[in-house]
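Shown next, in structure tokens, is the structure this report addresses.
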Amino acid sequence: MPLKNNLKTKMMRIMVKKAISIFFGIEIIIFSLAVFSQKVFLNVEVAFLSAFFIILGSSFAYKKMIHSKVDSGEYEDNRDVLDTIDDPHELYDDTEINDAPVEELDLKQIVKEEKAKIKTLSLKNAKHGVKGSFSLIRLAAYIFLVLGFIALKNNNLLDLAYYLPSLLIGIIAGSFVSRELFV
């Protein structure tokens, strides 16, 4: 068992080192922009960090929500993986089909049964959605995005030609880093 934990720790260290190298590699490129123009540097830095931290915060909150559902036993996977691939909509399920003639079917009862199967918006479902979407890390990242944008705008430093593409760079870098850290 200690060998397995040691291997897991070693793999985690490698993933963290890879994530840090991605982040700092992009930051070095961004800091080199300060030589050319402070305005360009500030736009790129604020946009990149905003998008990067939003993606990381979202990934972290999603992972935490999934782990809490699995730990609580709420999520149960009853189907085999191959069965899910072969029959994603459960068309070939073993449930009996009512082959009675149309005259003998109680359509109102069938409609009621099918409506009962449909999940409606309930307080319990809404609670899980809110819990998954609310995270302090994510909230801090969005606050940084808004305040950074306002600060750039109020100081007449905002240039959307640099700001918007930098958001895309932050999203891409954040997705690579979150894949390294949270998968």
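The table for this structure:
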{"quantity": "Qualifying positions in the range 50-64 - of a type in the set (Ser, Thr, Tyr) and at pLDDT below 95", "calculated": "SER58, SER59, TYR62"}
{"quantity": "Given (1) surrounded by fewer than 13 Cβ atoms within 10 Å (Cβ to Cβ); (2) farther than 14 Å from LEU181 by Cβ; (3) hydrophobic (A, V, I, L, M, F, W, C), number of the condition MET12 does not satisfy", "calculated": "(2)"}
{"quantity": "Pairs, first on the phi > 0 side of the Ramachandran plot in the range 1-22, second part of a helix (DSSP H, G or I) and at pLDDT 80 or above, C-beta under 9 Å, six or more apart", "calculated": "none"}
{"quantity": "Which listed residue, of SER135, SER178, is closer than 30 Å to LYS39 by Cβ, polar (S, T, N, Q), at pLDDT 70 or above and open to solvent by less than 80 Å² (accessible area, probe 1.4 Å)", "calculated": "SER178"}
{"quantity": "Pairs with Cβ under 6 Å, 6+ apart, first in the range 37-59 and within 15 Å of PRO165 (Cβ to Cβ), second open to solvent by 10 Å² or more (accessible area, probe 1.4 Å) and charged (D, E, K, R)", "calculated": "ASN43/ASP159"}
{"quantity": "Complete set of residues in the range 150-170 that are open to solvent by less than 80 Å² (accessible area, probe 1.4 Å) and either within 17 Å of ILE30 (Cβ to Cβ) or touching a residue at least 24 places away in the same chain (Cβ under 8 Å) (or both)", "calculated": "ALA151, LEU152, LEU157, LEU158, ASP159, ALA161, TYR163, PRO165, SER166, LEU167, GLY170"}
{"quantity": "Scan of the range 50-68 for residues that are surrounded by fewer than 18 Cβ atoms within 10 Å (Cβ to Cβ) and among the polar types (S, T, N, Q), ordered by number", "calculated": "SER68"}
{"quantity": "ALA47 vs. criteria touching a Leu at 6+ places or on another chain (Cβ under 8 Å), open to solvent by less than 50 Å² (accessible area, probe 1.4 Å), aliphatic (A, V, I, L, M) and modelled with pLDDT under 90", "calculated": "no"}
{"quantity": "Residues (of a type in the set (S, T, N, Q) and not in a helix (DSSP H, G or I)) located in the range 138-159", "calculated": "ASN155, ASN156"}
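The values are calculated or read from the model by the stated rules, or taken from the named source; none is laboratory data. Just so it is clear, the structure is predicted and the values come from calculations on it, not from any experiment. Backbone-built Cβ (ideal geometry, glycine too); neighbour counts: all protein chains shown. For the accessible areas, the whole protein counts, side chains as well, though only heavy atoms, and no ligand, DNA or RNA atoms are used. Shrake-Rupley method; radii C 1.70, N 1.55, O 1.52, S 1.80 Å.
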